[in-house]
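Colleague: There's a structure below that I have some questions on.
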Amino acid sequence: MREAWDALRARYATEYPEESAQLDAIFTDSLPDGWDSDIPVFDADAKGVASRDAGGKVLNAIAAKVPWLLGGSADLSPSTKTDIKGAASFEPGNYGGSNVHFGVREHGMGAIVNGMTLSHLRGYGSTFLVFVDYMRAPVRLSAIMEIGSVWVFTHDSIGVGEDGPTHQPIEHLATLRAIPGLDTIRPADANEVAAAWRAIMADASHPTALILSRQALPTLDRSKYASADGLAKGAYVLADSENPEVILIATGSEVSLALAAHDKLVAQGVASRVVSMPSWYRYEKQDAAYKESVLPKGVKARLAIEMAGEIGWDRYVGLDGRTITMSTFGASAPIAKLQDKFGFTVDNVVKVATEMLGEAA
């Protein structure tokens, strides 16, 4: 049987060399040369772009070079931005389509994506983060099976505003991070989104939950701050001071808030460091020396900032640290009012950081 298969592959390689090369790449979980050459670099912009929009641009740039990257959403592609532009739909009579319309059935979508990924396609499925509860079993199974399914979850926080507490995820990041082998990545800006997709595509040995925002996030000036390539290590020093007294740790949309608070603290004479921590999973895989370089044990004043539940942050802030997180469900209001209500403001970050330093004195 093996000899017959090898003979068939050899014949196919002679008659259809391009298709044969693609099959070889698919079944060896390889990527074609230049697969990431068209991934956009996003210019610094205070107004910025929602990470779901950046995600759509990056996804399309990769799909043009990796045609076996395909998937869709649970009937939410216009919102999750996961359509592959110009590609056909996968449907009866056209099984070459790249856009899969799973319908409003998150659990079924997850099972189908896992089946696609088991066949060595790079399958992805998307929905709002709050709806991950409907598909936890297939997400968990993708981690058990150690396959590269990609789960794109948008509308990632109370930042969805007027949609209210039913659509504002609180505990969901913690429950995803609790799944062994699942890389949960929450990028801070468009260039971290690009870095996240590079990391995802480079390793098909585990699944990823990519957590993206509905609201616009400032695109950080990387000539002023560290490169977004630091995402590959899970956490990295984004902005720093000599001999920092306090470390502000944040993910996603809260990173720009931490940077603004850092600037204010430095102006007040406080040596501050900002750490972007998009992936706990990746950070935990780094060696002790790297971890110490990012979160030195000698700095006890650590403040984690995330518009989600607190569970798990004690690992990184320690007994002397604090968090600005969510301890209740959200509320229905414009995002600015919600940020003020729940303490996600520059003034409150500075206030809490200053209080911590006062207690340590």
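Colleague: Which of the residues that make up segment 193-207 are farther than 23 Å from Lys224 by Cβ, open to solvent by less than 10 Å² (accessible area, probe 1.4 Å) and in a helix (DSSP H, G or I)?
Modeller: Once the filter is applied, which keeps residues that are farther than 23 Å from Lys224 by Cβ, open to solvent by less than 10 Å² (accessible area, probe 1.4 Å) and in a helix (DSSP H, G or I), segment 193-207 yields Trp197, Ile200, Met201.
Colleague: Related question: Residues being in a helix (DSSP H, G or I), open to solvent by less than 30 Å² (accessible area, probe 1.4 Å) and more than 18 Å from Ile247 (Cα to Cα): count how many of those fall in segment 331-349.
Modeller: The number of residues fulfilling the criteria is 1.
Colleague: If you don't mind, another one. For Arg282, indicate whether it is open to solvent by 10 Å² or more (accessible area, probe 1.4 Å) and under 24 Å from Ala190 (Cα atoms).
Modeller: Answer is yes for this residue.
Colleague: Let me ask something additional. Could you please let me know if Ser241 is of a type in the set (Ser, Thr, Tyr) and within 21 Å of Asp221 (Cα to Cα)?
Modeller: Against the criterion (of a type in the set (Ser, Thr, Tyr) and within 21 Å of Asp221 (Cα to Cα)), Ser241 qualifies.
Colleague: Among all residue pairs at least 6 apart or on different chains, which show Cβ distances below 9 Å where the first residue, located in segment 293-315, is of a type in the set (Lys, Arg) and the second is buried (at least 23 other Cβ atoms within 10 Å of the Cβ) and part of a strand (DSSP E or B)?
Modeller: Arg302/Val246; Arg302/Ile247; Arg302/Leu248; Arg302/Ile249; Arg302/Val275
Colleague: With the condition kept exactly as written, say whether any residue in segment 12-19 is modelled with pLDDT under 95 and within 24 Å of Val113 (Cα to Cα).
Modeller: So far as segment 12-19 goes, yes, one or more of its residues are modelled with pLDDT under 95 and within 24 Å of Val113 (Cα to Cα).
Colleague: In the set Pro67, Pro40, which member is out of contact with any strand residue (DSSP E or B) (no Cβ under 7 Å at 6 or more places or on another chain), closer than 15 Å to Val193 by Cα, open to solvent by 20 Å² or more (accessible area, probe 1.4 Å) and in a loop (DSSP other than H, G, I, E, B)?
Modeller: Checking each option against the conditions leaves just Pro40.
Colleague: Further question on the same structure: Return the residue satisfying two criteria in turn: it lies in segment 293-328 and is polar (S, T, N, Q) and assigned to a loop (DSSP other than H, G, I, E, B), and of such residues it is least open to solvent (accessible area, probe 1.4 Å).
Modeller: The qualifying residue least open to solvent (accessible area, probe 1.4 Å) is Thr328.
Colleague: Would you pick out the residues in segment 206-252 that are farther than 27 Å from Arg140 by Cβ, within 15 Å of the chain's Cα centre (by Cα) and among the charged types (D, E, K, R)?
Modeller: Asp229
Conditions (1) in contact with a His (Cβ under 8 Å, 6 or more places away or on another chain); (2) over 26 Å from Asp263 (Cβ atoms); (3) of a type in the set (Lys, Arg), marked per residue:
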{"site": "Val160", "(1), (2), (3)": "yes, yes, no"}
{"site": "Thr166", "(1), (2), (3)": "no, yes, no"}
{"site": "Gly181", "(1), (2), (3)": "yes, yes, no"}
{"site": "Leu231", "(1), (2), (3)": "no, no, no"}
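Colleague: Consider segment 19-40. How many of its residues are among the charged types (D, E, K, R) and either within 20 Å of Gly56 (Cα to Cα) or touching a residue at least 12 places away in the same chain (Cβ under 8 Å) (or both)?
Modeller: 3
Colleague: Ile62 fails exactly one of the following numbered conditions: (1) assigned to a helix (DSSP H, G or I); (2) closer than 27 Å to Asn114 by Cα; (3) open to solvent by 70 Å² or more (accessible area, probe 1.4 Å). What is the number of that condition?
Modeller: Of (1) assigned to a helix (DSSP H, G or I); (2) closer than 27 Å to Asn114 by Cα; (3) open to solvent by 70 Å² or more (accessible area, probe 1.4 Å), only one is false for Ile62: (3).
Colleague: Next question. So, in segment 250-279, exactly how many residues are open to solvent by 20 Å² or more (accessible area, probe 1.4 Å), without any contact (Cβ under 8 Å) to a residue 60 or more places away in the chain and either part of a helix (DSSP H, G or I) or among the β-branched types (Val, Ile, Thr) (or both)?
Modeller: 3
Colleague: Can I ask one more? If you take the residues in segment 280-292 that are touching a residue at least 24 places away in the same chain (Cβ under 8 Å) and out of contact with any helix residue (DSSP H, G or I) (no Cβ under 7 Å at 6 or more places or on another chain), which one is farthest from Arg177 (Cα to Cα)?
Modeller: Checking each candidate, the answer is Lys285.
The values are calculated or read from the model by the stated rules, or taken from the named source; none is laboratory data. If you're wondering where the values come from, they're calculated on a predicted model, not measured in any experiment. Every residue, glycine as well, gets a Cβ built from its backbone with ideal geometry; the counts of neighbours run over all protein chains shown. These accessible areas exclude ligands, DNA and RNA; they are computed on the full protein's heavy atoms, side chains included. Shrake-Rupley method; radii C 1.70, N 1.55, O 1.52, S 1.80 Å.
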